[in-house]
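In what follows, a single structure is set out as structure tokens and then discussed.
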Amino acid sequence: MTTESQSQQLNVIFLPYPAPGHMNPMVDTARLFAKHGVSVTIITTPANASTFQKAIDSDFSSGYCIRTHVIQFPTSQVGLPDGVENVKDITSREMLDKISVGISMLQDQIELLFQEMQPDCLVTDMLYPWTVESAAKLGIPRIYFYSSSYFTRCASHFIQQHKPHERLFSDNQRFSVPGLPHNIEMTTLQLEEWVRTKNDFTDHLNAIYESESRSFGTLYNSFHELEGDYEQLYESTKGVKCWSVGPVSACLNKGDEEKANRGHREELLQESEWLNWLNSKQNESVLYISFGSLIRLPHSQLLEIALGLQNSGHVFIWVIRKRNRDGDSSLQDFEQKMKESKKGCIIWNWAPQLLILDHPAIGGIVTHCGWNSILESLSAGLPMVTWPVFADQFYNEKLVVDVLKIGVPVGSKENKFWMSIGVDAAVRREDIAKAVILLMGSKESREMRRRARKLGEASKKTIEEGGSSYNNLVQLLDKLKSLKMSRALNRTN
Ligand code: UDP
């Protein structure tokens, strides 16, 4: 990687949004910039910093110019318990509102930091539209960091523009998403709640998209070989410059320790029970089940999953986020039974997902279709059972099932914000068992597995020197350097 003389070195500030699905890829992207010779500062709060500081310190000791700038989160002012600064730690809508207030209270302080630090560029999460103005005041580019797929961005754009769902008789009637190169069918119920019915978030989202058009360009954690059609479609439709630099997680977290501790405060021990259990299993025989960092399913749904998994006859490792502190005692009986029969292993609350996905015993995943989980599964060459729950996840499911053809849908019907999920089970045990058997044990799934492996190989090549994601990052950095030089020239003239 390059060393730069100080006057030429780019100084870039990264501002992540405090939720793992946004923060993990941005921190990895920041580390990638540093590995390409950029001087990087990540602005964050104490509890969030503690989840990735070790990786930053290790990069710094290896000679890269990267640091965190930590500012206090106003936890007590907004009435949150100490240390609750990340959306993954909240368990109610009230807490979500408080975290949002806390985030907005930091705006002035962050603006001042931008002015003091005089960076050459801001890379900020899509959820901070106000940073467009901050960058304009400083006369520097703002790069919009998008945390989902091109496919999602295209589908949601065309749905917003043409509103095909407004011409239907029922919320379950299927419609084709206009403007896309593939025939993609959805129902109104699968669209985000803020698209189906206008609410406060609809306006916020409009401001976000408007800020995208006014930004210098957009960074995508995606790659050309994965969804090149949609990359082109988006650039040509919106006229927004996009750089695909992913999958960033595969690029950065290569060692077992890095994989185990990525995005998590407590050290997840290598010699843990689950790892010994996984080591005892045959290659590609175990199914991993995860609903990401935010979703906490109701007891009735967890029970359906337990019985569906048991009825499928396949061996599994399942990470469950507790809805309340005490967890779920009836599942503890199930856990014990699975332990004794060696059929299943449950990890409570947080799993070292990267390490698990790369383990040779893993043969597939049941995923909620969060974009990072999809990329991480792809990088491990794994096919998926798709079980979207909210936001962009239903679009991502369509990409996985209908375009890439590496997924089996479980039959999830309604897009429901994770905080509003009721007490009833949305997917029945029969459908769960059926999808698992199809993925893990059928002839049909062999082709899916082959395609997933091929994409996994492509994901590794694209981030290596000479690969398309690698080249895109180099091009972006060259562009930023030439802008920096022009600014310096303008100042001297
Ligand atoms: N993750 C993890 N362990 C868990 C749950 C989630 O490491 O137990 C990580 C996962 O690897 C991914 C991120 O958290 O990087 C979740 O992002 P994603 O986009 O998949 O879903 P979200 O949580 O935003 O719904």
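The values are calculated or read from the model by the stated rules, or taken from the named source; none is laboratory data. Just so it is clear, the model here is predicted, and its values are computed rather than measured. Cβ sites come from the backbone with ideal geometry, for glycine too, and all protein chains shown count toward neighbours. For accessibility, only protein heavy atoms count, side chains too; no ligands or nucleic acids. Shrake-Rupley method; radii C 1.70, N 1.55, O 1.52, S 1.80 Å.
Data table
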| item | result |
| --- | --- |
| Where residue 43 falls short, out of the listed (1) in contact with a Phe, Trp or Tyr (Cβ under 8 Å, 6 or more places away or on another chain); (2) part of a helix (DSSP H, G or I) | (2) |
| Matching option when the condition is in contact with a Phe, Trp or Tyr (Cβ under 6 Å, 6 or more places away or on another chain) and away from the ligand (no atom under 16 Å from the Cβ), among 49, 30, 34 | 34 |
| Hits in region 401-459 (condition: among the hydroxyl-bearing types (Ser, Thr, Tyr), over 28 Å from residue 250 (Cα atoms) and surrounded by 13 or more Cβ atoms within 10 Å (Cβ to Cβ)) | 412 |
| Members of region 315-333 that are open to solvent by 20 Å² or more (accessible area, probe 1.4 Å) and out of contact with any His (no Cβ under 8 Å at 6 or more places or on another chain) | 315, 321, 322, 324, 325, 326, 327, 329, 332, 333 |
| Test: residue in region 140-155 that is open to solvent by 20 Å² or more (accessible area, probe 1.4 Å) and assigned to a helix (DSSP H, G or I) | no |
| Among residues of region 177-213, those that are within 15 Å of residue 156 (Cα to Cα), of a type in the set (S, T, N, Q), in contact with a helix residue (DSSP H, G or I) (Cβ under 7 Å, 6 or more places away or on another chain) and modelled with pLDDT of 95 or more, counted | 2 |
| Condition check for residue 170: out of contact with any Gly (no Cβ under 6 Å at 6 or more places or on another chain), open to solvent by less than 60 Å² (accessible area, probe 1.4 Å), modelled with pLDDT under 95 and in a loop (DSSP other than H, G, I, E, B) | yes |
| Members of region 330-388 found to be within 15 Å of the ligand (Cβ to nearest atom), over 15 Å from the mean Cα position of the chain (by Cα) and on the phi > 0 side of the Ramachandran plot, listed by number | 349 |
| Pair list, Cβ under 7 Å, 6 or more apart: region 187-211 residue without any contact (Cβ under 8 Å) to a residue 24 or more places away in the chain, other residue polar (S, T, N, Q) | 194/202 |
| Odd one out for residue 219 among (1) within 16 Å of the ligand (Cβ to nearest atom); (2) over 21 Å from the mean Cα position of the chain (by Cα); (3) not in a helix (DSSP H, G or I) | (2) |
| Neighbours by Cβ (under 9 Å, 6+ apart or cross-chain): first from region 478-489, at pLDDT below 95; second β-branched (Val, Ile, Thr) | 487/140 |
| Search result, residues across region 378-399 that are in a helix (DSSP H, G or I) and touching a Phe, Trp or Tyr at 6+ places or on another chain (Cβ under 9 Å) | 393, 395, 396, 397, 398, 399 |
| Conditions (1) of a type outside the set (Phe, Trp, Tyr); (2) open to solvent by 50 Å² or more (accessible area, probe 1.4 Å); (3) assigned to a helix (DSSP H, G or I); number of the one not met by residue 208 | (2) |
| Hey, residue 305 modelled with pLDDT of 95 or more and within 11 Å of the ligand (Cβ to nearest atom) or not | no |
| Qualifying residue in region 227-249 (condition: in a helix (DSSP H, G or I) and within 15 Å of the ligand (Cβ to nearest atom)) | yes |
| Pair list, Cβ < 6 Å and 6+ apart or interchain, from region 286-300 residues that are of a type in the set (Ser, Thr, Tyr) to residues that are within 8 Å of the ligand (Cβ to nearest atom) | 290/319; 293/20; 293/88 |
| Whichever residue in region 389-399 is within 12 Å of the ligand (Cβ to nearest atom) and touching a residue at least 40 places away in the same chain (Cβ under 8 Å) and, among such residues, is surrounded by the most Cβ atoms within 10 Å (Cβ to Cβ) | 396 |
| Subset of region 68-102 (residues that are of a type outside the set (S, T, N, Q), in a loop (DSSP other than H, G, I, E, B) and surrounded by 12 or more Cβ atoms within 10 Å (Cβ to Cβ)) | 71, 73, 74, 79, 80, 83, 84, 85, 90 |
| Checklist (1) within 30 Å of residue 399 (Cα to Cα); (2) surrounded by 14 or more Cβ atoms within 10 Å (Cβ to Cβ) applied to residue 161, failing item | (2) |
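Yes/no matrix, rows are residues, columns are (1) under 21 Å from residue 349 (Cα atoms); (2) free of Cβ contacts under 8 Å to residues at least 12 places away in the same chain:
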position	(1), (2)
9	no, no
40	no, no
47	yes, no
60	no, yes
70	no, no
75	no, no
111	no, no
116	no, yes
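Yes/no matrix, rows are residues, columns are (1) assigned to a helix (DSSP H, G or I); (2) under 27 Å from residue 229 (Cα atoms); (3) away from the ligand (no atom under 16 Å from the Cβ); (4) touching a Lys or Arg at 6+ places or on another chain (Cβ under 9 Å):
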position: 401; (1), (2), (3), (4): yes, yes, yes, no
position: 412; (1), (2), (3), (4): no, yes, no, no
position: 438; (1), (2), (3), (4): yes, no, yes, no
position: 445; (1), (2), (3), (4): yes, yes, yes, no
position: 448; (1), (2), (3), (4): yes, yes, yes, yes
position: 459; (1), (2), (3), (4): yes, yes, no, no
